[in-house]
Amino acid sequence: MNATPVTVTAPDLRAPHRYIAIEGPIGVGKTSLAQRLSERWPMRTLLERPEANPFLARFYGDMPRYALATELQFALQRAEDGRQASELLAQGGAIVTDFIPQKNAIFARLTLPDDEWRLYQALTERIDTGETSAPDLVIHLQASAPTLFSRIEKRARSEEGRISEAYLRQLGEAYDQFFYHYDGSPVLTVNTEHLNLLESDADFALLIEQIETMRGRKASFVKAL
């Protein structure tokens, strides 16, 4: 008996952009998508290391007390990450990250009172970021606060156990406001409310199509139900 032929379409081995960055609020799926894109195309991943911030767990337990220390630590880390991204690009090839350096200001402005925000700005202006490259494409992932909260509960990271749905709502709104004005790179905004980009090949293929066919500086994608 003859077996049913299987048609396999080989992916394009060249990434459509040399530098793709993925952004969005906590729990939206940035790191998972970065890793999957690096498997789809030959791209190096450069990922955030929240576990390297010694203040983060304390921040989630007492935000007013530990916000400034947490954000300054992240500013130092992301300055180093930005330099590393530029070095990797200079070596050739392509990279995908789960952050952009500008995210520092999103979190800091949301969590710091005005006087600490001014201090944060003054100090971070003195951090040497070197020559950092702008992404060729930023993928801005969105989801509602209840969906983000559910995803965070599902992954059950101990340091995230005290994150509230109200904080996630504020964070999502802050990201939307930021990317409404952002013009540093082209931005593809993707609503992930009904997208399973980690486990669904069909959903992932929809996103790949959007990335490969995007034209212009800004575009949005919502999966039709």
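The values are calculated or read from the model by the stated rules, or taken from the named source; none is laboratory data. Keep in mind that this is a model prediction, so the values were computed, not measured. Virtual Cβ from ideal backbone geometry, glycine too; neighbours counted across all protein chains shown.
What the table below lists for this structure:
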{"quantity": "Within region 23-49, considering residues that are of a type in the set (A, V, I, L, M) and part of a strand (DSSP E or B), the one surrounded by the fewest Cβ atoms within 10 Å (Cβ to Cβ)", "calculated": "L46"}
{"quantity": "Boolean, P54 is free of Cβ contacts under 8 Å to residues at least 40 places away in the same chain, under 12 Å from the mean Cα position of the chain (by Cα) and farther than 30 Å from S200 by Cβ", "calculated": "no"}
{"quantity": "Of all residues making up region 50-64, the number that are modelled with pLDDT of 90 or more and either surrounded by 18 or more Cβ atoms within 10 Å (Cβ to Cβ) or not aromatic (F, W, Y) (or both)", "calculated": "9"}
{"quantity": "Which listed residue, of E87, E48, E80, E39, is of a type in the set (D, E, K, R), in contact (Cβ under 8 Å) with a residue 40 or more places away in the chain and out of contact with any Cys (no Cβ under 9 Å at 6 or more places or on another chain)", "calculated": "E48"}
{"quantity": "Residue list for region 181-217, filter: assigned to a loop (DSSP other than H, G, I, E, B), over 21 Å from D136 (Cβ atoms) and hydrophobic (A, V, I, L, M, F, W, C)", "calculated": "L195, L198"}
{"quantity": "Residues within region 181-225 that are free of Cβ contacts under 8 Å to residues at least 12 places away in the same chain, under 18 Å from R40 (Cα atoms) and out of contact with any helix residue (DSSP H, G or I) (no Cβ under 8 Å at 6 or more places or on another chain), tallied", "calculated": "7"}
{"quantity": "Condition met for F178 (part of a helix (DSSP H, G or I), in contact (Cβ under 8 Å) with a residue 60 or more places away in the chain and touching a Leu at 6+ places or on another chain (Cβ under 8 Å))", "calculated": "no"}
